[in-house]
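Trainee: Submitted below is the structure of interest, expressed as C-alpha coordinates.
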Amino acid sequence: MSIWKKALATVAVVALTTTGAYAQEKTRIALVVKALGIGFFEAANKGAEEAAAELGDVEIIYTGPTDTTAEGQIEVINSLIAQGVNAIAISANDPDAVAPALQKAMERGITVISWDSGVAKEGRQLHLNPSSSALIGNTIIKLAADHLPEGGDVAILSATATSTNQNIWIEEATKVLPNYPGINLVATVYGDDLADKSYREAQGLMASYPNLKAIIAPTTVGILAASQAVTDAGKIGQINVTGLGLPSEMAGAVESGATISFAIWNPIDLGYAATMLSYNLVKGAKAEPGAEIGMGRMGNAKLDDNNEAAMSDPFTYDKSNIEQFKSIF
Ligand code: RAM
(Lines give C-alpha, C1' and ligand atoms only; values in the text may rest on other atoms or scores of the structure.)
Protein backbone atom coordinates (compact mmCIF):
# COMPACT_ATOMS: atom_id res chain seq x y z
CA MET A 1 0.00 0.00 0.00
CA SER A 2 1.29 3.43 -0.89
CA ILE A 3 1.93 5.84 1.88
CA TRP A 4 -1.07 7.93 0.72
CA LYS A 5 -3.42 4.97 0.65
CA LYS A 6 -2.26 4.02 4.14
CA ALA A 7 -2.88 7.51 5.39
CA LEU A 8 -6.36 7.56 3.84
CA ALA A 9 -7.21 4.18 5.37
CA THR A 10 -6.14 5.46 8.80
CA VAL A 11 -8.32 8.52 8.41
CA ALA A 12 -11.26 6.30 7.46
CA VAL A 13 -10.77 4.04 10.50
CA VAL A 14 -10.49 7.03 12.84
CA ALA A 15 -13.65 8.53 11.31
CA LEU A 16 -15.52 5.25 11.76
CA THR A 17 -14.42 4.88 15.37
CA THR A 18 -15.35 8.45 16.11
CA THR A 19 -18.84 8.08 14.62
CA GLY A 20 -19.34 4.75 16.35
CA ALA A 21 -18.22 6.07 19.71
CA TYR A 22 -20.35 9.19 19.27
CA ALA A 23 -23.45 7.16 18.43
CA GLN A 24 -22.93 5.03 21.52
CA GLU A 25 -22.32 7.98 23.79
CA LYS A 26 -25.70 9.58 23.07
CA THR A 27 -27.93 9.01 26.07
CA ARG A 28 -31.36 7.96 24.85
CA ILE A 29 -34.12 9.06 27.23
CA ALA A 30 -37.69 7.94 26.53
CA LEU A 31 -40.44 10.22 27.76
CA VAL A 32 -43.45 7.91 28.10
CA VAL A 33 -46.69 9.87 28.45
CA LYS A 34 -50.22 8.84 29.44
CA ALA A 35 -51.34 9.18 25.80
CA LEU A 36 -50.23 10.96 22.66
CA GLY A 37 -52.14 14.07 21.60
CA ILE A 38 -52.45 15.71 25.05
CA GLY A 39 -51.23 19.34 25.06
CA PHE A 40 -49.83 19.08 28.59
CA PHE A 41 -47.45 16.30 27.56
CA GLU A 42 -46.49 18.05 24.34
CA ALA A 43 -45.44 21.02 26.46
CA ALA A 44 -43.45 18.68 28.73
CA ASN A 45 -41.73 17.33 25.62
CA LYS A 46 -40.64 20.87 24.73
CA GLY A 47 -38.91 21.01 28.11
CA ALA A 48 -37.32 17.60 27.52
CA GLU A 49 -35.95 18.82 24.18
CA GLU A 50 -34.66 21.96 25.88
CA ALA A 51 -32.77 19.80 28.42
CA ALA A 52 -31.40 17.62 25.60
CA ALA A 53 -30.12 20.67 23.72
CA GLU A 54 -28.48 21.97 26.89
CA LEU A 55 -26.82 18.63 27.64
CA GLY A 56 -25.76 18.09 24.03
CA ASP A 57 -25.38 14.29 24.10
CA VAL A 58 -29.01 13.32 24.67
CA GLU A 59 -31.71 12.02 22.34
CA ILE A 60 -35.34 12.25 23.49
CA ILE A 61 -37.80 9.59 22.41
CA TYR A 62 -41.30 11.03 23.00
CA THR A 63 -43.76 8.17 23.06
CA GLY A 64 -46.93 6.76 24.60
CA PRO A 65 -50.10 4.85 23.73
CA THR A 66 -52.95 6.32 21.69
CA ASP A 67 -55.29 6.17 24.67
CA THR A 68 -54.76 6.43 28.42
CA THR A 69 -54.36 2.75 29.31
CA ALA A 70 -51.76 0.83 31.29
CA GLU A 71 -51.84 -1.96 28.67
CA GLY A 72 -50.83 0.51 25.98
CA GLN A 73 -47.98 1.78 28.15
CA ILE A 74 -46.75 -1.77 28.86
CA GLU A 75 -46.42 -2.39 25.11
CA VAL A 76 -44.49 0.85 24.75
CA ILE A 77 -42.19 -0.07 27.66
CA ASN A 78 -41.46 -3.52 26.21
CA SER A 79 -40.53 -2.01 22.90
CA LEU A 80 -38.22 0.52 24.61
CA ILE A 81 -36.52 -2.38 26.45
CA ALA A 82 -35.99 -4.10 23.10
CA GLN A 83 -34.48 -0.88 21.68
CA GLY A 84 -32.11 -0.70 24.66
CA VAL A 85 -32.77 2.91 25.62
CA ASN A 86 -30.75 4.32 28.53
CA ALA A 87 -33.67 5.74 30.50
CA ILE A 88 -37.44 5.63 30.73
CA ALA A 89 -39.25 8.59 32.33
CA ILE A 90 -42.93 7.75 32.60
CA SER A 91 -46.20 9.44 33.61
CA ALA A 92 -48.18 6.33 34.52
CA ASN A 93 -51.78 5.43 33.76
CA ASP A 94 -51.74 2.99 36.70
CA PRO A 95 -49.16 2.84 39.51
CA ASP A 96 -49.13 -0.97 39.79
CA ALA A 97 -49.95 -2.38 36.36
CA VAL A 98 -46.85 -0.90 34.70
CA ALA A 99 -44.46 -1.80 37.55
CA PRO A 100 -43.47 -5.36 36.42
CA ALA A 101 -42.51 -4.17 32.91
CA LEU A 102 -40.49 -1.33 34.43
CA GLN A 103 -38.80 -3.73 36.84
CA LYS A 104 -37.75 -5.77 33.82
CA ALA A 105 -36.32 -2.57 32.30
CA MET A 106 -34.31 -1.86 35.47
CA GLU A 107 -33.00 -5.44 35.52
CA ARG A 108 -31.63 -4.77 32.02
CA GLY A 109 -29.78 -1.71 33.33
CA ILE A 110 -32.25 0.90 32.14
CA THR A 111 -32.76 3.92 34.43
CA VAL A 112 -36.44 4.30 35.33
CA ILE A 113 -38.16 7.31 36.87
CA SER A 114 -41.77 8.41 37.04
CA TRP A 115 -42.89 12.02 36.83
CA ASP A 116 -46.31 13.71 36.89
CA SER A 117 -48.26 10.47 37.57
CA GLY A 118 -46.30 8.05 39.75
CA VAL A 119 -45.37 4.38 39.59
CA ALA A 120 -45.38 2.14 42.70
CA LYS A 121 -42.06 2.36 44.55
CA GLU A 122 -40.74 -1.01 43.34
CA GLY A 123 -41.23 -0.02 39.70
CA ARG A 124 -39.07 3.12 39.58
CA GLN A 125 -35.92 4.65 41.06
CA LEU A 126 -37.53 7.97 41.91
CA HIS A 127 -40.71 9.95 41.33
CA LEU A 128 -40.92 13.65 40.50
CA ASN A 129 -44.17 15.29 41.61
CA PRO A 130 -45.00 18.58 39.91
CA SER A 131 -45.72 20.09 43.33
CA SER A 132 -46.77 19.05 46.83
CA SER A 133 -49.83 16.80 46.43
CA ALA A 134 -51.46 18.33 49.54
CA LEU A 135 -51.04 21.81 48.06
CA ILE A 136 -52.59 20.76 44.74
CA GLY A 137 -55.50 19.06 46.56
CA ASN A 138 -56.22 22.21 48.55
CA THR A 139 -55.77 24.46 45.51
CA ILE A 140 -58.42 22.72 43.41
CA ILE A 141 -61.06 23.02 46.17
CA LYS A 142 -60.09 26.61 46.98
CA LEU A 143 -60.38 27.62 43.32
CA ALA A 144 -64.05 26.58 43.44
CA ALA A 145 -64.79 27.76 47.00
CA ASP A 146 -63.34 31.26 46.50
CA HIS A 147 -66.13 31.99 44.03
CA LEU A 148 -68.91 30.37 46.08
CA PRO A 149 -69.27 32.57 49.18
CA GLU A 150 -72.67 31.00 49.90
CA GLY A 151 -71.38 27.44 49.30
CA GLY A 152 -73.09 24.95 47.00
CA ASP A 153 -72.83 21.65 45.13
CA VAL A 154 -69.57 20.89 43.34
CA ALA A 155 -68.44 17.81 41.39
CA ILE A 156 -65.08 16.47 40.30
CA LEU A 157 -64.40 15.43 36.71
CA SER A 158 -61.16 13.45 36.80
CA ALA A 159 -58.96 11.61 34.29
CA THR A 160 -58.87 7.77 34.52
CA ALA A 161 -59.94 5.97 37.70
CA THR A 162 -56.44 4.48 38.06
CA SER A 163 -54.48 7.67 37.44
CA THR A 164 -51.97 8.04 40.30
CA ASN A 165 -51.71 11.82 40.29
CA GLN A 166 -55.41 12.69 40.06
CA ASN A 167 -56.28 10.07 42.70
CA ILE A 168 -53.80 11.55 45.20
CA TRP A 169 -55.00 15.10 44.52
CA ILE A 170 -58.65 14.05 44.99
CA GLU A 171 -57.73 12.27 48.23
CA GLU A 172 -55.96 15.41 49.48
CA ALA A 173 -58.87 17.61 48.36
CA THR A 174 -61.32 15.42 50.26
CA LYS A 175 -59.21 15.75 53.42
CA VAL A 176 -59.46 19.56 53.41
CA LEU A 177 -63.16 19.72 52.48
CA PRO A 178 -64.19 20.27 56.13
CA ASN A 179 -62.22 23.56 55.96
CA TYR A 180 -64.71 24.77 53.34
CA PRO A 181 -68.10 24.62 55.07
CA GLY A 182 -70.96 24.88 52.62
CA ILE A 183 -69.01 23.25 49.79
CA ASN A 184 -70.81 20.02 49.05
CA LEU A 185 -68.97 17.47 46.88
CA VAL A 186 -71.78 15.54 45.18
CA ALA A 187 -69.91 13.27 42.74
CA THR A 188 -66.59 12.25 41.19
CA VAL A 189 -66.68 11.04 37.59
CA TYR A 190 -63.98 9.99 35.11
CA GLY A 191 -63.46 11.28 31.57
CA ASP A 192 -60.29 9.20 31.03
CA ASP A 193 -58.39 12.21 29.62
CA LEU A 194 -60.40 11.76 26.43
CA ALA A 195 -62.08 14.94 25.17
CA ASP A 196 -65.35 13.31 24.08
CA LYS A 197 -65.81 11.14 27.18
CA SER A 198 -64.98 14.09 29.45
CA TYR A 199 -67.54 16.24 27.61
CA ARG A 200 -70.24 13.58 28.05
CA GLU A 201 -69.41 13.13 31.73
CA ALA A 202 -69.74 16.91 32.25
CA GLN A 203 -73.14 16.81 30.53
CA GLY A 204 -74.11 13.90 32.81
CA LEU A 205 -73.15 15.91 35.91
CA MET A 206 -75.29 18.87 34.78
CA ALA A 207 -78.25 16.55 34.16
CA SER A 208 -77.93 14.71 37.48
CA TYR A 209 -77.25 17.74 39.70
CA PRO A 210 -79.42 20.70 38.68
CA ASN A 211 -78.00 22.82 41.51
CA LEU A 212 -74.39 22.23 40.51
CA LYS A 213 -72.31 25.39 41.03
CA ALA A 214 -68.84 24.22 40.00
CA ILE A 215 -67.10 21.43 38.10
CA ILE A 216 -63.58 20.84 39.34
CA ALA A 217 -61.43 19.05 36.75
CA PRO A 218 -57.87 18.31 37.92
CA THR A 219 -56.91 17.43 34.35
CA THR A 220 -56.12 19.66 31.39
CA VAL A 221 -58.26 17.49 29.10
CA GLY A 222 -61.21 17.42 31.51
CA ILE A 223 -61.28 21.14 32.31
CA LEU A 224 -61.28 22.09 28.63
CA ALA A 225 -64.05 19.61 27.76
CA ALA A 226 -66.15 20.66 30.78
CA SER A 227 -65.86 24.36 29.95
CA GLN A 228 -67.09 23.54 26.45
CA ALA A 229 -70.00 21.46 27.79
CA VAL A 230 -71.04 24.26 30.18
CA THR A 231 -70.80 26.81 27.37
CA ASP A 232 -72.86 24.64 24.99
CA ALA A 233 -75.50 24.10 27.71
CA GLY A 234 -75.86 27.88 28.13
CA LYS A 235 -74.78 27.67 31.78
CA ILE A 236 -71.98 30.23 31.86
CA GLY A 237 -72.43 32.19 35.08
CA GLN A 238 -74.31 29.33 36.74
CA ILE A 239 -71.56 26.72 36.76
CA ASN A 240 -67.91 27.69 37.16
CA VAL A 241 -65.48 25.21 35.59
CA THR A 242 -62.14 25.12 37.36
CA GLY A 243 -59.20 22.87 38.21
CA LEU A 244 -55.92 22.35 36.35
CA GLY A 245 -55.56 23.59 32.78
CA LEU A 246 -53.21 25.06 30.23
CA PRO A 247 -53.43 28.83 29.59
CA SER A 248 -53.08 28.14 25.84
CA GLU A 249 -56.13 25.86 25.87
CA MET A 250 -58.21 27.76 28.45
CA ALA A 251 -57.92 31.34 27.16
CA GLY A 252 -61.31 31.13 25.40
CA ALA A 253 -63.08 29.76 28.48
CA VAL A 254 -61.64 32.51 30.68
CA GLU A 255 -62.63 35.10 28.10
CA SER A 256 -66.23 33.79 27.94
CA GLY A 257 -66.53 33.43 31.71
CA ALA A 258 -67.08 29.63 31.66
CA THR A 259 -63.94 29.48 33.80
CA ILE A 260 -63.20 32.24 36.28
CA SER A 261 -59.77 30.91 37.23
CA PHE A 262 -57.68 27.74 37.18
CA ALA A 263 -54.18 26.66 38.14
CA ILE A 264 -51.18 24.72 36.83
CA TRP A 265 -47.43 24.47 37.23
CA ASN A 266 -45.18 24.92 34.21
CA PRO A 267 -45.31 21.66 32.17
CA ILE A 268 -42.24 22.70 30.15
CA ASP A 269 -40.24 22.92 33.37
CA LEU A 270 -41.59 19.52 34.45
CA GLY A 271 -40.43 17.77 31.26
CA TYR A 272 -37.11 19.57 31.51
CA ALA A 273 -36.62 18.54 35.16
CA ALA A 274 -37.60 14.89 34.51
CA THR A 275 -35.06 14.72 31.68
CA MET A 276 -32.28 16.21 33.80
CA LEU A 277 -32.99 13.73 36.61
CA SER A 278 -33.00 10.77 34.18
CA TYR A 279 -29.71 11.92 32.70
CA ASN A 280 -28.02 12.35 36.07
CA LEU A 281 -29.12 8.86 37.15
CA VAL A 282 -27.77 7.37 33.91
CA LYS A 283 -24.49 9.16 34.65
CA GLY A 284 -24.24 7.62 38.13
CA ALA A 285 -26.27 9.71 40.58
CA LYS A 286 -27.91 7.48 43.23
CA ALA A 287 -31.63 7.70 43.99
CA GLU A 288 -31.88 7.23 47.74
CA PRO A 289 -33.67 9.02 50.58
CA GLY A 290 -32.00 12.34 51.36
CA ALA A 291 -30.14 12.47 48.03
CA GLU A 292 -30.08 15.75 46.11
CA ILE A 293 -30.09 15.26 42.36
CA GLY A 294 -29.61 18.07 39.86
CA MET A 295 -32.44 19.32 37.64
CA GLY A 296 -30.40 21.89 35.68
CA ARG A 297 -31.94 25.38 35.82
CA MET A 298 -34.71 24.00 38.11
CA GLY A 299 -32.28 23.44 41.00
CA ASN A 300 -32.00 20.18 42.95
CA ALA A 301 -34.58 17.50 43.68
CA LYS A 302 -34.33 16.47 47.33
CA LEU A 303 -35.61 12.91 47.70
CA ASP A 304 -37.87 12.01 50.63
CA ASP A 305 -38.22 8.58 52.28
CA ASN A 306 -40.16 7.30 49.25
CA ASN A 307 -37.58 8.64 46.81
CA GLU A 308 -40.03 11.35 45.79
CA ALA A 309 -39.46 15.04 45.23
CA ALA A 310 -41.61 18.02 44.21
CA MET A 311 -40.72 20.60 41.58
CA SER A 312 -42.53 23.88 42.25
CA ASP A 313 -45.88 25.43 43.21
CA PRO A 314 -48.96 25.72 41.03
CA PHE A 315 -49.81 29.19 39.75
CA THR A 316 -53.31 30.62 39.27
CA TYR A 317 -54.50 32.05 35.95
CA ASP A 318 -57.48 34.31 35.32
CA LYS A 319 -58.49 37.30 33.16
CA SER A 320 -55.68 39.39 34.62
CA ASN A 321 -52.77 37.27 33.38
CA ILE A 322 -53.91 34.66 30.85
CA GLU A 323 -52.95 36.78 27.83
CA GLN A 324 -49.37 36.81 29.05
CA PHE A 325 -49.10 33.04 29.31
CA LYS A 326 -51.34 31.62 26.59
CA SER A 327 -48.58 31.64 23.99
CA ILE A 328 -46.09 29.85 26.30
CA PHE A 329 -47.91 26.64 27.32
C1 RAM B 1 -53.58 16.03 32.16
C2 RAM B 1 -52.91 14.75 32.61
C3 RAM B 1 -51.72 15.03 33.47
C4 RAM B 1 -52.02 16.04 34.56
C5 RAM B 1 -52.60 17.29 33.97
C6 RAM B 1 -52.95 18.30 35.03
O7 RAM B 1 -52.83 16.62 31.17
O8 RAM B 1 -53.85 13.99 33.31
O9 RAM B 1 -51.28 13.82 34.05
O10 RAM B 1 -50.88 16.35 35.32
O11 RAM B 1 -53.77 16.94 33.24
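The values are calculated or read from the model by the stated rules, or taken from the named source; none is laboratory data. Remember, predicted model here, so these are calculated numbers, not experimental data. Quick reminder, even Gly has a Cβ in these numbers, built from the backbone with ideal geometry, and neighbours come from all protein chains shown. Just so you know, the surface numbers come from the protein's heavy atoms only, side chains and all, with ligands and any DNA or RNA stripped out. Shrake-Rupley method; radii C 1.70, N 1.55, O 1.52, S 1.80 Å.
Trainee: Using modelled amide H (1.01 Å from N, peptide plane; none on Pro or chain starts), what sits under 5 Å from the amide H of Ser158, excluding residues fewer than 5 places away?
Mentor: Counting only residues 5 or more places away or on other chains, the set is Val189, Tyr190, Gly191.
Trainee: Ok, one more. Arg28's amide H: which non-local residues (gap 5+, or another chain) put their own amide H closer than 5 Å, with H modeled 1.01 Å from N in plane and none for Pro or chain starts?
Mentor: Under 5 Å from the amide H of Arg28: Glu59, Asn86, Ala87.
Trainee: How large is ³J(HN,Hα), in whole Hz, for each residue of the stretch 144-157 in order, when computed from phi with the Karplus curve 6.51 cos²θ - 1.76 cosθ + 1.60 and θ = phi - 60°, using x for Gly and Pro?
Mentor: 7, 5, 4, 9, 10, x, 8, x, x, 6, 10, 9, 9, 10
Trainee: If each of Glu122 and Ala207 carries a label point 7 Å out from its Cα toward its Cβ, how far apart are those two points in nm?
Mentor: 4.3 nm
Trainee: Just check the stretch 128-179 against the gyration tensor rule for me: Cα atoms, a ≥ b ≥ c as the square roots of the eigenvalues, rounded for a/c under 1.5, and otherwise prolate or oblate depending on whether a/b exceeds b/c.
Mentor: Because a/c hits 1.5 or more and a/b exceeds b/c, the stretch 128-179 counts as prolate.
Trainee: Which residue, Thr111, Gly234, Ile216, has the largest displacement toward the positive end of the dipole of the chain when charges sit on each Cβ (Lys, Arg +1; Asp, Glu -1)?
Mentor: Thr111
Trainee: Oh, and also: Rounded to the nearest percent, how much of the accessible area of the chain (1.4 Å probe, protein heavy atoms only) is carbon and sulfur?
Mentor: 53 percent
Trainee: If you don't mind, another one. Work out the charge dipole of the stretch 252-309 with +1 on the Cβ of Lys and Arg and -1 on the Cβ of Asp and Glu about the Cα centre, then indicate which of Ala285, Trp265, Gly252 is farthest towards its positive end.
Mentor: Highest projection toward the positive end goes to Ala285.
Trainee: To continue, here is another question. Give the shape of the stretch 133-264 as rounded, prolate or oblate, defined through the alpha-carbon gyration tensor: a ≥ b ≥ c are the square roots of its eigenvalues, a/c under 1.5 means rounded, and otherwise the shape is prolate if a/b is larger than b/c and oblate if not.
Mentor: rounded
Trainee: Treat every Asp and Glu Cβ in the stretch 133-264 as -1 and every Lys and Arg Cβ as +1, leave all other atoms uncharged, and give the resulting dipole magnitude about the Cα centre to the nearest 20 debye.
Mentor: 180 debye
Trainee: Can I ask one more? Size of the dipole of the chain about the Cα centre, Lys and Arg at +1 and Asp and Glu at -1 on the beta carbon, nothing else charged, in debye to 20?
Mentor: 800 debye
Trainee: Rolling a 1.4 angstrom probe over the protein heavy atoms, how many square angstrom per residue are accessible across the chain?
Mentor: With all protein chains present, the chain gives 43 Å² per residue.
Trainee: With everything on Cα atoms, drop me the angle between helix 220-232 and the longest principal axis of the chain, reported from 0 to 90° to the nearest 10.
Mentor: Compared with the principal axis, the helix lies near 40 degrees.
Trainee: Using Cα pairs under 8 angstrom and six or more residues apart, how large is the relative contact order of the chain, in percent?
Mentor: 18 percent
Trainee: For the Cα atoms of the chain, what angle does the longest principal axis make with the long axis of helix 39-55, in degrees from 0 to 90, nearest 10?
Mentor: 30 degrees
Trainee: Tell me what the chain gives for mean residue ellipticity at 222 nm when only DSSP H runs of n ≥ 4 count, each as -39,500 (n - 2.57), the sum divided by the residue total, rounded to 500 deg cm²/dmol.
Mentor: Helix contribution divided over all residues of the chain: -14000 deg cm²/dmol.
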